[in-house]
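Asker: The following block contains the structure, expressed as structure tokens.
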Amino acid sequence: MAEWLKRGATTEAKANSDRKVRDIVEGILEDIEARGDDAVRELSIKFDGWDRESYQLTRSEIQNCIDQLSGQDLKDIEFAQTQVRNFAQIQRDSMKNVEVETLPGVVLGHTHVPVNAAGCYVPGGKYPLLASAHMSVITAKVAGVKRVATCAPPFQGKFAPAIVAAQAMAGADEIYALGGVQAIGAMAIGTASMAPVDILVGPGNAFVAEAKRQLFGRVGIDLFAGPTETLVICDEIGCDGELAATDLLGQAEHGPDSPAVLLTTSRKLAEETMKEVDRLLTILPTADIARRAWESFGEVIVAQDDAEMVRIADEIASEHVQVMTADPDYFLKHMTNYGALFLGNRTNVSYGDKVIGTNHTLPTKKAARYTGGLWVGKFLKTCTYQRVTTDEASTMIGEYCSRLCALEGFAGHGEQANIRVRRYGGKNVPYAGKAEAA
């Protein structure tokens, strides 16, 4: 039986917080729907202290941001974007169009069709998270999306040059300096100055995630990417307290509502990790945020064995799962609910977040039970088609269809089949209604 040495916030506390966020976001989206650009401008001023004549950046403004970065900065961004693009292209190449003759004269197929317009949100209020530009824009472009619009909030009262450069280098067609729910609403609903998109992607805070949830159906979304979650699974063979604590706090610094969970089979390692967390919180530059996250949402769990750790991990269904045990592949083989796995102590979540090539936009709040993270397939619609090439095939399928429609009482459907049986099979099939048509 597993033992919790530390527990995070209660389900009730989380629910109360979610309810407040839901109500605020609903009011904001209604305002954008009613007043368009005027509402977006007022919200930007209210929440970000940010106003300008047009929120879309000009080419000269974009180039100016690129020029502010050093040559090494640009090379580093290019390296990261190359890794993301390479893996996205590998994913795209794995998705094949299909066309097959399933019966003589009956051809079925599917084709992968990219959406026409994607809206990519790039968080940047607390930190200029330029990596999110790679993950969303490049992936959309590899999928074949024609129009990619990006929104990122101002950073310290101005453009964040690195974010703007990353968006431009990734291939964004429109770049807006706009953040929060107002950005999400403008992209999805559309305003006089911004055409609506077909899908919204990208991580964000609880308000951004809730806005995407409320807009789902009006537009597509990638997933519910709320506050960052990390789960560190470890034992004494694969890990030590310093390594575990570093990896927990490295993700807790995202925000005060970011869960960080340690799951281990060693009580000794658990206690050592908690001591190391306390020590690191005295020296970590982002300790103020990380401490609040750890105190409110941090958990430490001691399990009996690897099998119990798998069971608990699948219940948690964490966004990031870092595995540092004697046999990391055991968890790759047996776990089913996770956003992304980081196997062994030579890798870590930060590699995935910034540079290694897999996508860092991942499911949170247990959404890993039913979806994976953002990937090239999220921008593609798998659309089927059919073709019947012979009279004989149309007649044969039509006879089956007619009888099945009769079982359901769908006379109109049945007549769609019957007219073809009469026309292509030369058979005197009665009208599907109660009496033969005159």
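The values are calculated or read from the model by the stated rules, or taken from the named source; none is laboratory data. As the structure is a prediction and not an experimental result, all values here were calculated from the model. Reconstructed Cβ throughout: ideal geometry from the backbone, glycine too, with neighbour counts over all protein chains shown. Keep in mind that these areas ignore ligands, DNA and RNA; they rest on the heavy atoms of the full protein, side chains included. Shrake-Rupley method; radii C 1.70, N 1.55, O 1.52, S 1.80 Å.
Asker: Students sometimes get this wrong: rank Glu295, Glu26 by accessible area, probe 1.4 Å, all chains present, largest first. Present the calculation step by step, with values, prior to reporting the outcome.
Answerer: Numbers: Glu295 120, Glu26 85 Å².
In descending accessible area the options line up as Glu295, Glu26.
Asker: For the pairs Lys126/Lys158; Lys46/Lys158; Lys6/Lys126; Lys6/Lys275, note any where the Cα-Cα span goes beyond 18 Å. Don't skip to the end; give the middle numbers.
Answerer: Values: Lys126/Lys158 13 Å; Lys46/Lys158 15 Å; Lys6/Lys126 28 Å; Lys6/Lys275 13 Å.
Among Lys126/Lys158; Lys46/Lys158; Lys6/Lys126; Lys6/Lys275, the Cα-Cα distance tops 18 Å for Lys6/Lys126.
Asker: Describe numerically, in nm with one decimal, the distance between label points set 7 Å from Cα along Cα→Cβ at Arg7 and at Tyr400.
Answerer: Using points 7 Å along Cα→Cβ, the separation is 5.6 nm.
Asker: Number of Lys pairs in region 333-438 with C-alpha atoms less than 29 angstrom apart, excluding same-chain neighbours closer than eight positions?
Answerer: 12
Asker: Give me log10 I(q)/I(0) at q = 0.09, 0.15, 0.18 Å⁻¹ for region 70-219, Debye formula, one equal scatterer per alpha-carbon, no solvent.
Answerer: -0.33, -0.77, -1.03
Asker: If you take the square roots of the eigenvalues of the alpha-carbon gyration tensor of region 13-117 and sort them as a ≥ b ≥ c, do you get rounded (a/c under 1.5), prolate (a/b over b/c) or oblate?
Answerer: Numbers: a/c = 2.29, a/b = 1.36, b/c = 1.68.
Oblate, because a/c is 1.5 or more while a/b does not exceed b/c.
Asker: In degrees between 0 and 90, to the nearest 10, how far off the longest principal axis of the chain does helix 161-170 point, with axes built from Cα atoms?
Answerer: The answer is roughly 30 degrees.
Asker: Averaging over all projection directions, find the projected area of the Cα convex hull of the chain and quote it in nm² with one decimal place.
Answerer: Working: hull surface 111.0 nm².
It is 27.8 nm².
Asker: Can you send over the solvent-accessible area of His254, 1.4 Å probe, protein chains only, in Å² to the nearest 10?
Answerer: Counting only protein heavy atoms, the figure is 60 Å².
Asker: Here's another thing I want to ask about it. Considering only C-alpha atoms, what is the centroid distance from region 33-79 to region 209-236, in Å?
Answerer: The distance from the Cα centre of region 33-79 to that of region 209-236 comes to 24 Å.
Asker: So with the 1.4 Å probe, I'd like the accessible area per residue for region 1-110, rounded to whole Å². Mind dumping the intermediate values first?
Answerer: On the way: 7290 Å² over 110 residues.
About 66 Å² of surface per residue is accessible.
Asker: Which semi-axes, in whole Å and largest first, does the equivalent ellipsoid of region 325-390 have when worked out from the alpha carbon gyration tensor as the square roots of 5 times its eigenvalues? Could the numbers behind the result be given before it?
Answerer: On the way: eigenvalues 214, 48, 31 Å².
In descending order, the three semi-axes are 33, 16, 13 Å.
Asker: Another one. Please arrange Ser318, Ser193, Ser402 by accessible surface area, largest first, computed with a 1.4 Å probe and ligands excluded. Kindly include the intermediate steps, with their values, before the conclusion.
Answerer: On the way: Ser318 5, Ser193 75, Ser402 25 Å².
Most to least solvent-accessible, the answer reads Ser193, Ser402, Ser318.
Asker: State the dimensionless ratio Rg/Rh of region 195-263 (Rg: radius of gyration of Cα atoms; Rh: Kirkwood radius). Intermediate results must be reported in sequence, preceding the final value.
Answerer: Numbers: Rg = 16.4 Å, Rh = 14.0 Å.
Reported Rg/Rh, Kirkwood definition of Rh: 1.17.
Asker: Using a 1.4 Å probe and ignoring any ligands, DNA or RNA, find the accessible area of Asp73 and quote it in Å² to the nearest 10.
Answerer: Near enough 70 Å² of accessible area.
Asker: Continuing with the same structure: Can you list which of the trypsin sites (Lys or Arg not before Pro) found in region 339-438 are DSSP loop residues with at most 15 other C-beta atoms within 10 Å?
Answerer: Values: sites: Arg346, Lys354, Lys365, Lys366, Arg369, Lys378, Lys381, Arg387, Arg403, Arg420, Arg422, Arg423, Lys427, Lys434; in loops: Arg346, Lys365, Lys366, Lys427, Lys434.
Sparse-neighbourhood loop trypsin sites (Lys or Arg not before Pro): Arg346, Lys366, Lys427, Lys434.
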